[in-house]
Amino acid sequence: MKVLLRTDVDGLGRTGDIVDVARGYARNFLVPEGLAVAAIGGIAAQAEAMQRKRDLRSVAERADAERVAGRIAGVVLQVTAKASEEGRLFGSVGTADVVEALGGTAVAMAAPEVYQALERGILDGVYGFDFVTAIAYKLHEIAPQFYDIGDGPHAPAATIMNKQVYDGLPDDVRKISDEIVDDIYGGQFSAIYEDVLATYVKTAEAEGVTLSTVSDEQKAMAKELVQPAQVNSWLEDTAKPAGIDGEEMQSLIDAAIKKYDAEATLKRPYEISQAS
């Protein structure tokens with residue numbers, strides 16, 4: 001049965017599309033829920049009008065996004081924080097500090113609650129989700145403008161266990177664990193994750209997402225301000241209270257990054273979009 005979609009339907013099509021669906025699916029769900037109408041005679045003109053309106057809305061949303069990007073392009077933020085005599089920050093300059101310096105109000109929220117908060121206008125935007133997670137949570141349905149601000153698509157992580165526990169694992173479990181580590185540090189992570197990113201970028205753009213970025217100069221400035229503060233926050237607030245030699249652990253992380261991905265070869269969603 002052919003139906004005209006009145007709104008975007010995940011996995012089926014976008015507003016104004018005429019699609020084939022099972023008769024029961026149309027009669028029992030799509031039509032009663034107001035998501036579609038039966039594609040009867042003369043529906044083509046209505047479909048074309050809806051598609052034109054959809055495309056115009058996409059153009060308008062992109063123009064709005066570019067205007068916002070233009071307004072913040074030259075903005076220099078000053079955030080006051082406590083530091084040692086050597087200039088080392090106590091704590092960090094985090095997301096909340098940046099949002100509030102821009103005149104906003106930062107709100108901490110559990111991930112499953114974000115979609116409804118955006119939908120109801122409680123939140124104006126979101127920061128802190130990696131791209132794949134944001135698309136998986138369908139946040140792009142409510143907030144389709146994504147900005148690459150140079151904050152990095154991945155971070156080092158580790159699973160730590162007592163050697164006695166590791167030695168006590170079954171041989172097959174230990175073998176799989178070792179193979180996973182070898183794959184990750186053998187360069188396979190980039191290949192695997194980049195394929196995943198490419199799939200999500202394609203899905204997102206097909207569903208109306210606009211990917212934008214800021215200048216390399218602005219990314220470098222943000223990195224210089226934020227990254228050292230984040231590392232120091234982890235050293236002071238997490239490692240030290242837990243009795244962990246944070247400096248030594250950070251040196252191992254820095255060495256691993258330098259050895260395995262010094263040039264940051266993993267492509268970002270914006271770069272994948274531009275290359276496609």
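Conditions tested, residue by residue: (1) outside the structural domain of Gln51 (by TED's automatic domain parsing); (2) modelled with pLDDT of 75 or more; (3) out of contact with any Cys (no Cβ under 9 Å at 6 or more places or on another chain); (4) surrounded by 14 or more Cβ atoms within 10 Å (Cβ to Cβ).
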| residue | (1), (2), (3), (4) |
| --- | --- |
| Ala204 | yes, yes, yes, yes |
| Ala220 | yes, yes, yes, no |
| Glu247 | yes, yes, yes, no |
| Ala262 | yes, no, yes, no |
| Glu271 | yes, yes, yes, yes |
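For segment 1-28, the tally of residues that are without any contact (Cβ under 8 Å) to a residue 12 or more places away in the chain, under 31 Å from the mean Cα position of the chain (by Cα) and outside any loop (DSSP other than H, G, I, E, B) stands at 1. Would you confirm whether any residue within segment 224-236 is within 28 Å of Tyr147 (Cβ to Cβ), at pLDDT 80 or above and part of a helix (DSSP H, G or I)? Looking for residues that are within 28 Å of Tyr147 (Cβ to Cβ), at pLDDT 80 or above and part of a helix (DSSP H, G or I), one finds none in segment 224-236, hence no.
Residues of segment 87-128 being at pLDDT 75 or above and part of a helix (DSSP H, G or I), which ones? Across segment 87-128, the qualifying residues are Ala111, Pro112, Glu113, Val114, Tyr115, Gln116, Ala117, Leu118, Glu119.
The values are calculated or read from the model by the stated rules, or taken from the named source; none is laboratory data. Just so we're clear, the structure is a prediction, and the values are computed from it rather than from any experiment. Positions of Cβ are backbone-derived with ideal geometry, glycine not excepted, and every protein chain shown enters the neighbour counts.
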